[in-house]
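The values are calculated or read from the model by the stated rules, or taken from the named source; none is laboratory data. Note that the coordinates shown come from a computational prediction; the quantities given were computed from them, not determined experimentally. Note that each Cβ is placed from the backbone with ideal geometry, even for glycine, and that neighbours are counted across all protein chains shown. When the accessible area is computed, the model is the full protein with side chains, heavy atoms only, and any ligands, DNA or RNA have been set aside. Shrake-Rupley method; radii C 1.70, N 1.55, O 1.52, S 1.80 Å.
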Amino acid sequence: MGAGSTVFARNVIGDCMCTESLRDSVFALYDIDGERLEESRTILEAMRNAMGGFGKLECYLGVENRKEALRGATFVVNAIQVGLYDPCNIIDFEVPKKYGLRQTIADTLGIGGIMRALRTIPVLEGFARDMEEVCPDAWFLNYTNPMAMLSGYMQRYTGVKTVGLCHSVQSCTWD
């Protein structure tokens with residue numbers, strides 16, 4: 001979900017393609033932005049070919065194709081952003097700032113994180129409904145921020161097995 005995030009799709013799905021036990025998987029890419037979905041498909045197809053052509057990529061565009069993207073999934077990787085940087089992320093910083101509340105990260109905590117969660121939860125509710133119908137045993141791997149709020153929503157208010165993850169943790173530690 002959210003395959004149009006090209007860098008993130010490359011990192012997460014690329015990691016999966018490099019994992020022996022996952023290399024023959026079907027990777028169903030889903031997004032609501034066709035241009036960005038195609039960019040991700042192009043990059044991932046080049047990676048797939050460079051790694052021996054294992055696995056399969058499928059693309060699904062738009063809400064009307066979401067259930068087909070999810071059908072039979074074992075894992076659903078969530079990497080969406082609801083609303084564009086401009087205006088949404090800017091507003092997440094500017095509204096609190098107007099009232100004297102400064103925050104360094106508006107996507108994970110504080111007022112900006114709450115606003116982002118409120119924009120994203122209705123979309124996750126739709127994902128959950130579709131998953132409960134077409135892949136009820138799948139795990140929802142949530143990478144979307146605010147990770148704790150969104151994962152908590154899924155765990156508390158849906159029947160979807162959910163875990164919150166962060167792809168950048170490994171770059172925050174030293175050996």
| Assigned charges on the beta-carbon of Lys, Arg, Asp, Glu; the chain dipole about Cα centre (debye) | 460
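What order do 161, 98 take when sorted by accessible area (1.4 Å probe), most exposed first? Working shown, then result.
On the way: 161 75, 98 155 Å².
The residues order as 98, 161, largest area first.
When N is the residue count of region 83-160, what does its C-alpha Rg come to as a fraction of 2.2 N^0.38 Å?
1.23
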| said: Given a 1.4 angstrom probe, what's the average accessible area per residue across the chain, in square angstrom? | reply: 58
| said: Once neighbouring chains are kept in place and the probe is 1.4 Å, which whole percent of the accessible area of the chain is contributed by carbon and sulfur? | reply: 57
| query | What percent do you get for the relative contact order of region 35-112 when only Cα pairs under 8 Å and 6+ apart count? | reply | 16
| Average Cα contact separation per residue, the chain, under 8 Å, 6 or more apart, as relative contact order % | 19
| task | Return the lysines within reach of residue 161: Cα separation strictly under 23 angstrom, same-chain partners fewer than 8 residues apart disregarded; answer none if there are no such residues. | result | 67
| query | Residue by residue, what Karplus-based ³J(HN,Hα) values in Hz, rounded to whole numbers, does region 134-149 have, using 6.51, -1.76 and 1.60 with θ = phi - 60° and x for Gly and Pro? | reply | 10, 8, x, 9, 6, 8, 9, 9, 8, 9, 6, 8, x, 3, 5, 5
| request: Pop the C-beta distance of residue 84 and residue 18 into the FRET formula with R0 = 30 Å and round what comes out to the nearest 0.05. | output: 0.45
| field | At R0 = 41 Å, FRET efficiency that the Cβ-Cβ distance of residue 65 and residue 103 yields, to 0.05 | value | 0.70
| Helical contribution to [θ] at 222 nm, DSSP H n ≥ 4, -39,500 (n - 2.57), averaged over the chain, rounded to 500 | -14500 deg cm²/dmol
| query | For residue 57, which sequence-distant residues (separation of 5 or more, or a different chain) have an amide H within less than 5 Å of its own amide H, given hydrogens modelled in the peptide plane? | reply | 27
| message | Using a 1.4 angstrom probe on the protein heavy atoms only, could you order 137, 107 from most to least accessible area? | response | 137, 107
